[in-house]
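Scroll down for the structure; my scribbles are underneath it.
Read the figures in this text as sums done on the coordinates, not as results from a lab. The structure presented is a predicted model; accordingly, all values stated were derived computationally and were not measured. Here Cβ is always computed from backbone atoms with ideal geometry, including for glycine, and neighbour counts include all displayed protein chains.
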Amino acid sequence: MYKFKNQQFYLLVGLAFWAFMVVVDFLTERSTFAPRLVNSTWLVVYLIAANYLFLEKIVPLLAWKRPLRSLLLLGAQFLVFSFGLYCWRFIGIQIGLYTPFKVFERLTDGVCNFMVYSVVSAVFFGINKHLYDHVRLRQMAQQLRIEKQEAELHFLKSQTNPHFLFNTLNNIYSLARDKSDLAPESILRLSGILRFMLYETGGATIEIGEEVKIISDYVALEKLRYDDSLRVDFKYEIPDLKQPIPPLLLIPLVENAFKHGIAETRQRPLLQMFLSVHHRQLHFWIKNTTDKPDETGALKENIGLTNLRRQLELLYTAYDLAIQQTPDTFVATLKIDLDSHV
């Protein structure tokens, strides 16, 4: 594919050089423009091939460490640009495609005259090749950066999903160990979550309404472990539930609230959540009680929050994730400009 595009490049640059020669002939030699048009076409065919040979085959072989070979290659290319082009003109004359407007008394005069075409074309092709390679390298670097980010994002998701599943299985195990009648219902809810994770989260985005549903299902599954002492207040204001967001983007915050907050609360645990999306501005606020503050005062983030921060960094250019902790509460606030998706 690259070779094909490279050949296209030389044809396009050759066409531009041909157009330049045609314009010069039209402005300076209008009386003989028609035959000169044919002459220019004949010469450009050769110059395209000669510059392709020079820039694609000769230049890559040039090296300071091998001066003899480099000099021989440059000498061969000099013959191609000088005697070769003059011979090409002679062939055109013989087959009736090239009209000679000047007769050269000596071979060297003709070679030097047509060497000008070669030098100008080499400069023209060389500059365009440099610009073409520069743009192509930047595109390749950009593509590699995107592929690297996609690979890292995929890895972060592959960490988040098993982490999420592991915590859910732990909950069911606790119910089964206590021989709770709620175990069958929890397995049924888990199957729904697994179905969602297997078939709905493979793409780049899902509808935000589906994200709200999976949050509600996860909260309902977690509530099976608690009696009526657990209070959950989940409200949302989303005029358009079909807006796209990355799948399972908000779950790590909900999961963190249960695992590192509510599970460690001994008296009347509370979880409050508010989600809004207005004018493509997402605001997710989540607060949970906790009885286990960090005595050092340092706020340590678990793997779920760390992965979430990295996912946000890869997905959006305008976002803010703020964490606040007091002796008895943990508050996370997430703000995203959904239009800043990279």
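One table, with the values for the structure above:
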quantity	calculated
Neighbour-count order for W42, W64, fewest beta carbons within 10 angstrom listed first	W64, W42
Segment 2-141 - percent relative contact order, Cα under 8 Å, separation 6 or more	28 percent
Sparsely packed trypsin sites (Lys or Arg not before Pro) within segment 300-342, loop by DSSP, other Cβ within 10 Å at most 11	K300
Amide N proximity, segment 301-342 versus R268 label position 7 Å along Cα-to-Cβ, cut-off under 20 Å	326-331
Sites S191 and Q139 - FRET efficiency at Förster radius 45 Å, r taken between beta-carbons, to 0.05	0.50
GluC sites (Glu not before Pro) within segment 204-251, DSSP loop, no more than 16 other Cβ atoms inside 10 Å	none
Under 12 Å, Cβ to Cβ, from F284 - net charge with Lys/Arg +1 and Asp/Glu -1	0
15 Å Cα cut-off, lysine pairs counted over segment 180-340 (separation 8 or more, or different chains)	9
Approximate spin-label separation K213-L169, in nm, with each point projected 7 Å along Cα-to-Cβ	2.5 nm
Cα centroid separation - segment 214-232 against segment 16-52, whole Å	80 Å
Net lengthening on full extension, T329/R30 (0.36 nm per residue, minus Cα-Cα)	98.9 nm
Backbone N under 17 Å from the L12 label point (7 Å along Cα→Cβ), restricted to segment 106-138	124-138
Local electrostatic count at W18 - Lys and Arg +1, Asp and Glu -1, tallied over other residues with Cβ under 14 Å	0
Calculated diffusion of segment 180-340, Stokes-Einstein form, Kirkwood radius summed over Cα pairs, 37 °C and 0.692 mPa s, µm²/s	198 µm²/s
Segment 2-141: C-alpha gyration tensor shape, a/c 1.5 cut-off, then a/b vs b/c	oblate
Residues of segment 217-260 with amide N under 20 Å of the 7 Å Cα→Cβ point at T317	244-246
